[in-house]
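The values are calculated or read from the model by the stated rules, or taken from the named source; none is laboratory data. It should be emphasised that the depicted structure is a prediction, and the values quoted were computed from it without experimental measurement. A quick note on method: Cβ atoms are made from the backbone with ideal geometry, for glycine too, and the neighbour counts reach across all protein chains shown.
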Amino acid sequence: MASRCELLLICVLSLLFAFVHSKTLKRDVKALNEIKASLGWRVVYSWVGDDPCGDGDLPPWSGVTCSTQGDYRVVTELEVYAVSIVGPFPIAVTNLLDLTRLDLHNNKLTGPIPPQIGRLKRLKVLNLRWNKLQDVIPPEIGELKRLTHLYLSFNSFKGEIPKELAALPELRYLYLQENRLIGRIPAELGTLQSLRHLDVGNNHLVGTIRELIRFDGSFPALRNLYLNNNYLSGGIPAQLSNLTNLEIVYLSYNKFIGNIPFAIAHIPKLTYLYLDHNQFTGRIPDAFYKHPFLKEMYVEGNMFKAGVNPIGTHKVLEVSDADFAV
């Protein structure tokens, strides 16, 4: 047992020694120093020394994570968020070719995301939400085949959602809400086998749910669908019930019409259903009142017929018919 422990200790010390004495790849040192110069000393005051991975007694720069590859250290994560960075997206970031995580959220970055973002082939997480980024979402993001999380919400992106995002086989979470996006949501997104969360709320999108799920087997893993606060129209197709993993369906503040299909009440894990402030008519199917998981259902601001139970009369549904048309 002692020999195993000693061997393990030797391995750990050897790895530590190798990391400390490895040189940081010049490409990454150059890129980080360019980023440092572009961001300004007030933001990166803790970035001391010339080597972002640490040099001698100096620790790695704050927000910079490195790892050893062969005889060199490379930058694998860059997290500089909520520090009021002002200015354009630092293009030098796209020279950090070993990045797996890039998090610059909650700053004041402006201008477009450069098309060179497509160079970061190892990127898994891209978080740029809560900035002031503009222009279109670059289709080159579709080249980041390892991407699992994409956060572009709360910016000023315009134009259409690029269908190239459907070329991200590992994508699980797609946040595009609170921008100025127009056009239709690409139905190609439905081919993403791992997508669990899709949020395109608070944009200027048009189209119908039927168009969005027109492909067989659309959105097989989707749990949360946020389409709220857009200009979507048409009815809710019964085929939406084929998305059997849905838990949250948020359709509020659109231009949806028609009856609520009976089949929707049989989505097995449905927990939250937001239908309010549309132009739905008819009645709420009784099956919703018997759903085993449905916790909240908002239906106000529509044209349902009288008879929907008001708040407090049912253990599952919390709805109000105060504003319903008779």
Checklist entry - Does residue 218 meet the test of being over 17 Å from the mean Cα position of the chain (by Cα), over 19 Å from residue 257 (Cα atoms) and hydroxyl-bearing (Ser, Thr, Tyr)? => result yes
Checklist entry - Is there a residue in the range 201-213 that is among the aliphatic types (A, V, I, L, M), surrounded by fewer than 22 Cβ atoms within 10 Å (Cβ to Cβ) and closer than 20 Å to residue 297 by Cα? => result no
Checklist outcome for this item: Result of the Cβ filter at 7 Å on the range 237-248, keeping first residues that are free of Cβ contacts under 8 Å to residues at least 60 places away in the same chain and partners that are part of a helix (DSSP H, G or I) and crowded, with 18+ Cβ neighbours inside 10 Å, at least 6 apart or interchain, is 237/209; 240/209; 240/264; 241/264
Next on the checklist: Looking at the structure I just gave you, is residue 247 among the acidic types (Asp, Glu) and at pLDDT 90 or above?
Outcome noted: yes
Checklist outcome for this item: Among strands (runs of 3 or more DSSP E) entirely inside the range 126-185, those with 1 or more residues being in the same structural domain as residue 207 (by the TED database), touching a helix residue (DSSP H, G or I) at 6+ places or on another chain (Cβ under 8 Å) and surrounded by fewer than 17 Cβ atoms within 10 Å (Cβ to Cβ) are 180-184
Item to check | Options 270, 275; residue that is of a type in the set (A, V, I, L, M), closer than 18 Å to residue 223 by Cβ and modelled with pLDDT of 85 or more | outcome: 270
